[in-house]
Amino acid sequence: MVGTNLKAETMKLMDERASKEAEMDVIIQRLCQPGGPGLSGNLVDSEGFPRTDIDIPTVRADRRRLSELRNDHKIMTEKIDQNIQVLHSARLASTPSVKDSDDTADVGVQGSAVNIGSSSSPGNYIATAATSAAMDVDVVFSRPFAVIDEITEASPAAEDGLQLGDQVVRFGNVQSGENLLQRLAAEVQSNQGCAVSMTVMRQGAMTNVLVTPRVWQGRSLLGCNFRIL
């Protein structure tokens with residue numbers, strides 16, 4: 001029951017976070033459209049007068065709302081990470097007690113869920129629920145496929161929170177498979193000016209980061225290097 005409730009809470013938070021991300025995408029696209037002020041561009045011209053080619057009150061409102069959404073996104077992400085860690089720990093804790101053969105780990109866990117579910121012990125039922133919930137969200141605990149081995153100062157990657165040594169588990173729709181560099185490049189290009197959700201392994205813990213590929217004074221749209229593992 002506990003595991004099921006935690007899973008439901010986590011899935012709800014994920015849905016709410018996705019809604020925040022969609023709203024951020026709309027604001028970012030509006031701010032970064034051709035001729036727009038961007039996420040942090042000047043609202044005054046070269047002579048110090050307010051720009052007449054943009055709606056300054058609207059731009060300020062968009063930037064303020066984007067800041068609020070990013071703060072909400074960070075809080076939600078931290079809570080999701082905590083819940084997933086608990087669910088994953090419950091899965092790991094329950095696995096040794098039910099392995100009674102030399103079968104593979106996946107077979108052992110699947111078989112144990114049936115056996116525990118047939119028990120009348122409330123404690124066993126809770127372990128089963130937590131294990132099942134952890135398996136449902138275990139996609140987050142995928143194997144890293146790349147590492148950030150170079151970040152340029154003041155680049156979009158640096159400003160959005162990526163750190164040297166971050167191991168990339170997911171970048172937008174890219175998680176694993178073949179032609180990873182080409183797929184990463186395509187994902188970056190197709191999301192120029194749009195926030196992209198990343199999952200990275202940082203100092204042993206899963207962390208979600210929102211990055212926005214964009215034009216800046218340096219090279220590439222992110223200013224970092226992905227090294228395939």
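The values are calculated or read from the model by the stated rules, or taken from the named source; none is laboratory data. Small disclaimer: the values here were computed from a predicted structure and weren't measured. As a convention, Cβ positions derive from the backbone with ideal geometry for all residues, glycine included, and neighbour counts pool all protein chains shown. Just the protein is used for accessible areas: all its heavy atoms, side chains included, with ligands, DNA and RNA removed. Shrake-Rupley method; radii C 1.70, N 1.55, O 1.52, S 1.80 Å.
In the complete set of protein chains, residue-level accessible area for S40 is approximately 100 Å², probe 1.4 angstrom. Taking Lys and Arg as +1 and Asp and Glu as -1, the other residues whose beta-carbon sits under 10 Å from that of D149 total -1.
Placing dummy labels 7 Å off each Cα toward the beta-carbon, the span from T52 to Q163 is 4.9 nm. With K and R counted +1 and D and E -1, the other residues having a Cβ less than 12 Å from that of R65 yield a net charge of +2. In the range 1-57, the alpha-carbon atoms span a convex hull of 89 Å³ per residue. In plain terms, the chain from E78 to N5 could stretch by 24.5 nm, reckoned as 0.36 nm per residue minus the Cα-Cα distance.
Provide the FRET efficiency to the nearest 0.05 for the I228-E16 pair, computing r from the beta carbons and using R0 = 41 Å. Once rounded, the FRET efficiency stands at 0.80.
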